1. So, in Å, what gap is there between the alpha-carbon centers of the stretch 145-168 and the stretch 241-260?
2. State, in angstrom, two size descriptors of the stretch 203-298 derived from its alpha carbons: Rg to one decimal place and Dmax to the nearest whole number.
3. As a test of the definition: which semi-axes, in Å, follow for the stretch 273-420 when you take the square root of five times each eigenvalue of its alpha carbon gyration tensor? Largest first, please.
4. Percent of Cα-Cα pairs more than 21 Å apart in the stretch 1-111, please.
5. Taking Cα atoms, how many degrees apart are the long axis of helix 97-110 and the longest axis of the chain, rounded to 10 and kept between 0 and 90?
6. Quick check of the Kirkwood formula: for the stretch 122-181, what is the inverse mean of 1/r over all pairs of different Cα atoms, in Å?
7. Using Cα-only point scatterers and the Debye equation, what is log10 of I(q)/I(0) for the chain at each q in 0.07 Å⁻¹, rounded to two decimals?
8. How big is the convex hull of the Cα atoms of the stretch 18-77, per residue, in Å³?
């Protein structure tokens, strides 16, 4: 489990539990109980679990109390606290649909074969205004075939992520994958949430045949890379495929060039330069990739780098999505004056800018400046998969083969395989 973001508040276990015991009127901020509950994920101890259980048992109806209670359910799920099941189970009947959703998710994380609990979760599919996607995913994860009849009612749901989960879950529970192609088709849906959901559903269904389509799906490389790594690692372990079969798709995702994606958006007419750069800030990366493609084809191209740097100074340096796209574009445009900016991005250790580090590695490779070689070799010692893989690709582009010798001893199977391929 990736816990890079869990410890952002720096609380000790004692301090977090003390905060939970502090009356609301004595808190410095009304969100402090929530912060404490979120933070206890870092401490898989009986004390923390008991403190979280106490929060779940609190029937208070005020907004901050309800939000804190939901988070406590999530934390118990992440801690896989089996002793909390008797306390979580009554939450399945809560009036608050978000509390029900977190209770279902927590049970899925903890795991159970209790027929009564599984029946109760299945019955939630008959209740209005529930988080059906989470419920369906959990029933499949807990391998409960009796739920198939209820799940089938959602395969044509208007909400694409729900329909995607229903189709994938039926494939998993019945072993009949004849309809999985419908989930693959969602990778090209205009709705970004449908595309992201489809990747998760293909992961859950262990459908490694979709790796090529996932690699071309226009969503953030974070979603694509996670899907390919999980599917590929399992398939290689099962000896269904070899690294050479997925290497070009991994390369495609790490290089992340818009021409290698199947874009789902288009412009009715050529946009202005300012508009295209503004699209780099869109939360739908499909639109960001269309903008990147447009900027790479812009004439006269000399206008683009100064406009990108102007946007960088105003906003992009602090917007982790646009930050990534600007970094990659400066590399593709081979804009040599951006070298120092790219080196700074390569060394940015803030978690939210992680993908920009890999983007900077690729950009430095595209820039062709050999000063980057020792920096990229240093990056091979990091714990970040995409940064290491990107550094290998960049070093290869810069004509350095010694990086492979370093990566050949990496702890990650895919990195080692890339190094010796």
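No lab work stands behind these numbers, since they all come straight from the coordinates. Note that the coordinates shown come from a computational prediction; the quantities given were computed from them, not determined experimentally.
1. Between the Cα centre of the stretch 145-168 and that of the stretch 241-260, the gap is 31 Å.
2. 15.5, 50
3. The answer is 28, 16, 13 Å, longest axis first.
4. 29 percent
5. 80 degrees
6. Answer for the stretch 122-181: a Kirkwood hydrodynamic radius of 11.1 Å.
7. -0.41
8. 71 Å³
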